[in-house]
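Colleague: Okay, here's the structure, questions in a sec.
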Amino acid sequence: MVKIARWNYDGGTHSGFVDGEQCFALPQRRTVTHLLAAGLESTLQIAAETIRSAHPLALADVQLLAPLEPAIIRDFVAFEEHVEGVRKSIDGVAGVVAEWYEAPTFYFTNPHTVTGTGEVIGIPAGCDDMDFETEVAAVVGHLPGSDGRNLSAEDAHRHIFGYTILNDWSARDLQRREMKVNLGPCKGKDFANTLGPWIVTADEFEHLHDDEGFLPISMAVEVNGERIGQDLLSNMGWPFAELVAYASQDSVVRPGDVLGSGTCGSGCLAELWGRNGSKTPPPLTSGDVVQMTVEGIGTIENTVGERRVAATRVAARTRPRNRAVAARIPEKG
């Protein structure tokens with residue numbers, strides 16, 4: 001199994017491969033970005049050579065980082081069960097809107113606030129309803145002869161370089177306010193996303209795909225050691241190849257792009273709040289430990305930190321909506 005990772009060790013940041021309980025670094029100045037640009041086939045050859053020749057480090061001695069610095073993160077909402085529960089929690093309305101079934105839907109989230117396993121995730125200012133979201137993400141790599149535009153599902157499948165776990169952290173109270181404006185979420189989402197613990201290359205999953213391209217692998221989440229939810233990735237409404245293809249329509253996907261599956265069924269608190277009619281289980285608080293495990297990939301774990309105290313919300317000014325200039329700027333003489 002080829003696992004691609006980034007880590008801190010001895011004052012420096014390194015990229016390379018994890019094999020068993022050991023890490024093998026790429027040559028100096030070579031990064032995960034270079035591997036994504038090289039493509040999957042070349043990366044498998046580089047991995048074999050690096051593991052054969054590089055000096056090993058104990059995995060226990062390094063600090064894992066997010067396995068890549070994404071160019072873009074598109075996060076889909078591909079699980080019907082999740083949509084149903086969260087709609088009840090956010091909007092107070094039962095069921096799934098008809099438009100969800102017509103085509104995949106995604107939003108762009110912040111690639112600059114990506115974190116790795118083991119990092120402390122602070123509660124953003126003004127948030128009392130901190131939540132997690134259990135997801136798998138596909139990572140796009142280079143495909144020879146393709147520019148990443150208007151892909152078929154078959155070609156999109158070949159663009160998938162590998163898979164990683166994604167925790168799309170959420171400030172639900174901020175999100176509820178934002179989405180009433182029919183735009184967003186924005187500050188309800190962009191304070192943190194966790195990726196990790198590494199990228200497992202796509203070839204490791206080829207034998208698991210069913211006839212329609214779905215991956216029946218287990219996804220589970222625990223808070224403080226208590227199981228909160230579990231689902232199969234194959235319960236998505238669309239396989240990943242179709243999500244990547246849809247993202248590329250009249251647009252482009254490039255190496256380093258990350259595409260999230262959206263939260264699996266029972267994979268977040270807000271969905272359970274909607275189903276239970278109360279905030280049960282309760283929102284995350286400082287000191288809580290969130291652990292996500294995906295079959296064939298691994299486990300990420302993060303501790304919730306302190307709430308940032310700040311007054312960040314400013315009310316809009318009521319403006320007169322004038323159409324004529326009320327005051328002239330004096331001409332320079």
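The values are calculated or read from the model by the stated rules, or taken from the named source; none is laboratory data. Source: prediction; values computed, not measured. Methodologically, a virtual Cβ is constructed for each residue, glycine included, from the backbone with ideal geometry; neighbour enumeration extends over all protein chains shown. Please note that ligands, DNA and RNA were not included when accessible areas were found on the heavy atoms of the full protein model with its side chains. Shrake-Rupley method; radii C 1.70, N 1.55, O 1.52, S 1.80 Å.
Colleague: Kindly check whether there is at least one residue in region 165-187 that is of a type outside the set (A, V, I, L, M, F, W, C) and assigned to a strand (DSSP E or B). Quick ask: steps written out before the conclusion?
Modeller: Kept after step one, since they are of a type outside the set (A, V, I, L, M, F, W, C), are these residues of region 165-187: 167-168, 170, 172-173, 175-178, 180, 182, 184-185, 187.
Okay, now just the ones that are also assigned to a strand (DSSP E or B), so 167, 170.
Within region 165-187, one or more residues are of a type outside the set (A, V, I, L, M, F, W, C) and assigned to a strand (DSSP E or B).
Colleague: Taking into account only those residues within region 1-32 that are part of a loop (DSSP other than H, G, I, E, B) and in contact with a strand residue (DSSP E or B) (Cβ under 7 Å, 6 or more places away or on another chain), which is surrounded by the most Cβ atoms within 10 Å (Cβ to Cβ)?
Modeller: Applying the first criterion (part of a loop (DSSP other than H, G, I, E, B)) to region 1-32 yields 1-2, 10-11, 20-21, 26-31.
Imposing the further condition that a residue be in contact with a strand residue (DSSP E or B) (Cβ under 7 Å, 6 or more places away or on another chain) reduces the set to 1-2, 21, 26, 30-31.
On the way: M1: 12, V2: 21, E21: 10, L26: 19, R30: 16, T31: 16.
Within region 1-32, the match that is surrounded by the most Cβ atoms within 10 Å (Cβ to Cβ) is V2.
Colleague: Looking at T105, is it open to solvent by 50 Å² or more (accessible area, probe 1.4 Å), within 21 Å of S266 (Cβ to Cβ) and touching a residue at least 24 places away in the same chain (Cβ under 8 Å)? Lay out the reasoning, then the answer.
Modeller: Working: open to solvent by 50 Å² or more (accessible area, probe 1.4 Å): yes; within 21 Å of S266 (Cβ to Cβ): yes; touching a residue at least 24 places away in the same chain (Cβ under 8 Å): yes.
Criteria met by T105.
Colleague: Here are V86, V139: which of them is modelled with pLDDT under 95, open to solvent by less than 30 Å² (accessible area, probe 1.4 Å) and either hydroxyl-bearing (S, T, Y) or closer than 25 Å to V294 by Cα (or both)?
Modeller: Values: V139 fails: modelled with pLDDT under 95.
Selected residue: V86, the only one of V86, V139 that is modelled with pLDDT under 95, open to solvent by less than 30 Å² (accessible area, probe 1.4 Å) and either hydroxyl-bearing (S, T, Y) or closer than 25 Å to V294 by Cα (or both).
Colleague: Then there's this: Tell me, please, whether a residue that is part of a strand (DSSP E or B), farther than 14 Å from G16 by Cβ and of a type in the set (D, E, K, R) can be found in region 85-99.
Modeller: Step one: filter region 85-99 for residues part of a strand (DSSP E or B), giving none.
Looking through region 85-99, none of the residues is part of a strand (DSSP E or B), farther than 14 Å from G16 by Cβ and of a type in the set (D, E, K, R).
Colleague: Additional query: It is to be established whether one or more residues within region 211-221 are aromatic (F, W, Y), buried (at least 16 other Cβ atoms within 10 Å of the Cβ) and in a strand (DSSP E or B).
Modeller: Checked against the condition, which is being aromatic (F, W, Y), buried (at least 16 other Cβ atoms within 10 Å of the Cβ) and in a strand (DSSP E or B), region 211-221 yields no hits at all.
Colleague: What tally of residues in region 249-280 results from selecting those that are in a helix (DSSP H, G or I) and either free of Cβ contacts under 8 Å to residues at least 24 places away in the same chain or in contact with a Gly (Cβ under 6 Å, 6 or more places away or on another chain) (or both)?
Modeller: As a first pass, look at region 249-280 and keep what is in a helix (DSSP H, G or I): 269-276.
Adding the requirement that they be either free of Cβ contacts under 8 Å to residues at least 24 places away in the same chain or in contact with a Gly (Cβ under 6 Å, 6 or more places away or on another chain) (or both) leaves 271, 274-276.
Adding up the residues that qualify gives 4.
Colleague: Something else now. Would you point out which residue out of G92, G85 is free of Cβ contacts under 8 Å to residues at least 12 places away in the same chain and not charged (D, E, K, R)?
Modeller: Going through G92, G85 in turn, the sole match is G92.
Colleague: Sticking with this structure for a sec: Could you check, for region 105-118, whether at least one of its residues is in contact with a helix residue (DSSP H, G or I) (Cβ under 9 Å, 6 or more places away or on another chain) and not aromatic (F, W, Y)?
Modeller: In the first step, residues of region 105-118 are kept if they are in contact with a helix residue (DSSP H, G or I) (Cβ under 9 Å, 6 or more places away or on another chain); the result is 105-106.
Subsequent filtering for residues that are not aromatic (F, W, Y) retains 105.
Checked against the condition, which is being in contact with a helix residue (DSSP H, G or I) (Cβ under 9 Å, 6 or more places away or on another chain) and not aromatic (F, W, Y), region 105-118 yields at least one hit.
Colleague: Also, quick follow-up: Would you confirm, using the coordinates I've provided, whether S278 is modelled with pLDDT under 95 and either surrounded by fewer than 22 Cβ atoms within 10 Å (Cβ to Cβ) or among the charged types (D, E, K, R) (or both)?
Modeller: Details: modelled with pLDDT under 95: yes; either surrounded by fewer than 22 Cβ atoms within 10 Å (Cβ to Cβ) or among the charged types (D, E, K, R) (or both): yes.
So S278 fits the description; yes.
Colleague: Taking G274 and the conditions (1) closer than 26 Å to H112 by Cα; (2) more than 18 Å from the chain's Cα centre (by Cα); (3) among the small types (G, A, S), which numbered condition does it fall short on, given that it satisfies the others?
Modeller: That leaves (1) as the condition not met.
Colleague: Can I ask one more? Please determine, by comparing only the residues of region 281-296 that are open to solvent by less than 70 Å² (accessible area, probe 1.4 Å) and of a type in the set (S, T, N, Q), which one is farthest from the chain's Cα centre (by Cα).
Modeller: Narrowing region 281-296 to residues open to solvent by less than 70 Å² (accessible area, probe 1.4 Å): 281, 283-284, 286-294, 296.
Add one more test, that the residue is of a type in the set (S, T, N, Q), and what stays is 286, 291, 293.
Values: S286: 22, Q291: 15, T293: 14 Å.
This residue is S286.
Colleague: Please go through region 293-324 and pick out each residue that is touching a strand residue (DSSP E or B) at 6+ places or on another chain (Cβ under 8 Å), under 16 Å from M130 (Cα atoms) and of a type in the set (A, V, I, L, M).
Modeller: V304
Colleague: Would you mention how many residues in region 188-202 are open to solvent by 10 Å² or more (accessible area, probe 1.4 Å), in contact with a helix residue (DSSP H, G or I) (Cβ under 7 Å, 6 or more places away or on another chain) and assigned to a strand (DSSP E or B)?
Modeller: Here the count works out to 0.
Colleague: So how many residues does region 152-185 have that are open to solvent by less than 50 Å² (accessible area, probe 1.4 Å), acidic (D, E) and under 30 Å from R6 (Cα atoms)? I'd like the intermediate steps shown before the answer.
Modeller: Quick first cut of region 152-185, residues open to solvent by less than 50 Å² (accessible area, probe 1.4 Å) only: 153, 156, 159-175, 178, 184-185.
Those left that are additionally acidic (D, E): 168, 173, 178.
Adding the requirement that they be under 30 Å from R6 (Cα atoms) leaves 168.
Matching residues across region 152-185 total 1.
Colleague: Among the residues of region 297-324, write down those that are of a type in the set (G, A, S) and either touching a His at 6+ places or on another chain (Cβ under 9 Å) or surrounded by 10 or more Cβ atoms within 10 Å (Cβ to Cβ) (or both).
Modeller: From region 297-324, those of a type in the set (G, A, S) are 298, 305, 310-311, 315-316, 324; that's our starting set.
Result: G298, G305.
Colleague: Also: Pull out all pairs, ordered by first then second residue, where Cβ-Cβ is under 6 Å, the residues are six or more apart or on different chains, the first lies in region 47-73 and is within 26 Å of P111 (Cα to Cα) and at pLDDT 95 or above, and the second is part of a strand (DSSP E or B) and open to solvent by 40 Å² or more (accessible area, probe 1.4 Å).
Modeller: Matching pairs, first to second residue: V62/Y9; Q63/N8.
Colleague: Which residue pairs have Cβ atoms closer than 7 Å, lie 6 or more positions apart in sequence or on different chains, and pair a first residue in region 144-158 that is under 20 Å from G213 (Cα atoms) and without any contact (Cβ under 8 Å) to a residue 24 or more places away in the chain with a second residue that is part of a loop (DSSP other than H, G, I, E, B) and open to solvent by less than 90 Å² (accessible area, probe 1.4 Å)?
Modeller: Qualifying pairs under 7 Å: R158/L143.
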